[in-house]
Amino acid sequence: MGTQLRHHLLASTTKRDLASVAPLLLLSGCGTLSSGFLLHPAGPVAHAERHVAVLVGLVLIFVWLPVFLLVPLFAWHYRSANTKAAYRPQWGFSWILEVLIWLPPTGIVVLLAAFLIHYTIVLDPYRPLAPNDPPLEIQVVALDWKWLFLYPAQHIATVNELVVPAGQPVHFDLTSGTVMQSLLMPRLAGQIYAMDGMRTQLNFQIAHAGSYYGENTQYNGDGFASDKFVIQALSPEAFAKWISQAQASPAVLDDRGYQELSKQSVLKAPQEFGHFKSDLFSRILAQRITPGYLAQHHESGNHG
């Protein structure tokens, strides 16, 4: 699913988009991230991330350009065949060179600092996007090798399927029921860690209805390559209908169901639960529920 969506995003990118970010793509070592917010952002957070990435890229051109222009120029001018090149063995200082060496880098650092301080505040993942617009609250639990999404107000849960209304802010509370993992939704928001016994937050919004994807970018074992999930942004009416359908599901996520779900496994298809215990997330966060793989190992040890 993730690979197909990446191909679709790249195929739908306009030539103008490619031309505007081509230098950044050449400098980037992360294909997932660059093919997400840079080429086709789908929300205000990703738009802001693309803006700051383009600004930083333009500023860094002033570092890249002199080097790639002056190095071949100096090599050509001081070639052995050029007998007119000045030879000054006692030369040691020049105010012009000192100014050129120190002033531009200092200006670049100050300019980058001004940009990054501003955007560090604007793109703080804990910062609400619209204080006057109540967000959809979702509790996220990272597992091996799957993602559990709890909707506390709607009393439903999903696995490897995130469904949200387009245009409404979304607020994540994240933790991990296993090792540390890193959540990345390339077209929507930046990377955020989920850690066992700790709570992190993420605010984002999807501008238009559509299908997107998210993934874990922190290596966590054999099923890492399949540690992805589908994101569906629906219209408010379609989202309300989906909530009603999910609430009608007979599946219930209780302690035993969570322990079974938290065992190390790769799911063939997303799952939905029509009900879960309201304190499930807080007990996972407080480490009061033993993950299934730990319980399984403990039982194996007792049998031995």
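Here is the figure for the stretch 175-201: residues that are in contact with a helix residue (DSSP H, G or I) (Cβ under 9 Å, 6 or more places away or on another chain), among the hydrophobic types (A, V, I, L, M, F, W, C) and surrounded by 16 or more Cβ atoms within 10 Å (Cβ to Cβ) total 4. Under 22 Å from Leu253 (Cβ atoms), surrounded by fewer than 16 Cβ atoms within 10 Å (Cβ to Cβ) and among the small types (Gly, Ala, Ser): does that describe Ala142? No.
With respect to the conditions (1) touching a helix residue (DSSP H, G or I) at 6+ places or on another chain (Cβ under 9 Å); (2) surrounded by fewer than 17 Cβ atoms within 10 Å (Cβ to Cβ), Gln168 falls short on a single one, namely (2). Condition first: at pLDDT below 90, over 30 Å from Thr158 (Cβ atoms) and either under 23 Å from the mean Cα position of the chain (by Cα) or in the same structural domain as Tyr258 (by TED's automatic domain parsing) (or both). Can you find one or more residues in the stretch 61-79 that meet it? No, the stretch 61-79 contains no residue that is at pLDDT below 90, over 30 Å from Thr158 (Cβ atoms) and either under 23 Å from the mean Cα position of the chain (by Cα) or in the same structural domain as Tyr258 (by TED's automatic domain parsing) (or both). Listed by first and then second residue, the pairs linking a residue in the stretch 242-262 that is over 15 Å from Gln154 (Cα atoms) and in contact (Cβ under 8 Å) with a residue 40 or more places away in the chain to a residue that is hydrophobic (A, V, I, L, M, F, W, C) and not in a loop (DSSP other than H, G, I, E, B), with Cβ atoms under 6 Å apart and 6 or more places separating them unless they lie on different chains, are Ser262/Leu143. In the stretch 151-207, counting only strands (runs of 3 or more DSSP E) that sit wholly within it, the ones holding 2 or more residues that are within 19 Å of the chain's Cα centre (by Cα) span 161-165, 170-176, 181-185, 189-194, 200-204.
Picking from Tyr87, Tyr119, Tyr126, which residue would you name as being in contact (Cβ under 8 Å) with a residue 24 or more places away in the chain and surrounded by fewer than 12 Cβ atoms within 10 Å (Cβ to Cβ)?
Numbers: Tyr87 fails: in contact (Cβ under 8 Å) with a residue 24 or more places away in the chain; Tyr119 fails: surrounded by fewer than 12 Cβ atoms within 10 Å (Cβ to Cβ).
After ruling out the rest, the residue left standing is Tyr126.
Does Pro131 satisfy the criteria of being of a type outside the set (S, T, N, Q), within 30 Å of Gln247 (Cα to Cα) and in contact with a Ser or Thr (Cβ under 7 Å, 6 or more places away or on another chain)?
On the way: of a type outside the set (S, T, N, Q): yes; within 30 Å of Gln247 (Cα to Cα): yes; in contact with a Ser or Thr (Cβ under 7 Å, 6 or more places away or on another chain): no.
Taking the combined requirement at face value, the residue does not satisfy it.
Which condition does Ser211 not pass, out of (1) in contact with a Phe, Trp or Tyr (Cβ under 9 Å, 6 or more places away or on another chain); (2) part of a strand (DSSP E or B); (3) surrounded by fewer than 20 Cβ atoms within 10 Å (Cβ to Cβ), if it passes all the others? All conditions are met except number (1).
One residue stands out in the stretch 38-84 among those that are touching a residue at least 12 places away in the same chain (Cβ under 8 Å) and of a type in the set (D, E, K, R): the one that is farthest from Tyr119 (Cα to Cα), namely Arg50.
Which members of the stretch 69-93 meet the condition of being part of a helix (DSSP H, G or I) and of a type outside the set (Val, Ile, Thr)? Spell out how you get there, then give the answer.
At the first step, the residues of the stretch 69-93 found to be part of a helix (DSSP H, G or I) are 69-77.
Matches in the stretch 69-93: Leu69, Leu70, Pro72, Leu73, Phe74, Ala75, Trp76, His77.
For the stretch 215-262, give me each residue that is surrounded by fewer than 17 Cβ atoms within 10 Å (Cβ to Cβ) and either of a type in the set (Val, Ile, Thr) or assigned to a loop (DSSP other than H, G, I, E, B) (or both). Listed by number, the residues that qualify are Tyr219, Gly221, Asp222, Gly223, Ser235, Ala248, Ser249, Pro250, Ala251, Val252, Asp254. Criterion applied to Val99, Val141 was being in a strand (DSSP E or B) and modelled with pLDDT of 90 or more, and the one residue passing it is Val141.
Do the conditions hold for Ser244, that is, is it over 17 Å from Lys146 (Cα atoms), polar (S, T, N, Q), at pLDDT 90 or above and touching a Phe, Trp or Tyr at 6+ places or on another chain (Cβ under 8 Å)? For Ser244, the condition - over 17 Å from Lys146 (Cα atoms), polar (S, T, N, Q), at pLDDT 90 or above and touching a Phe, Trp or Tyr at 6+ places or on another chain (Cβ under 8 Å) - is not met.
The values are calculated or read from the model by the stated rules, or taken from the named source; none is laboratory data. Computed from a predicted structure; not experimentally measured. Because the Cβ atoms are built from the backbone with ideal geometry, glycine has one as well, and the counts that use them run over all protein chains shown.
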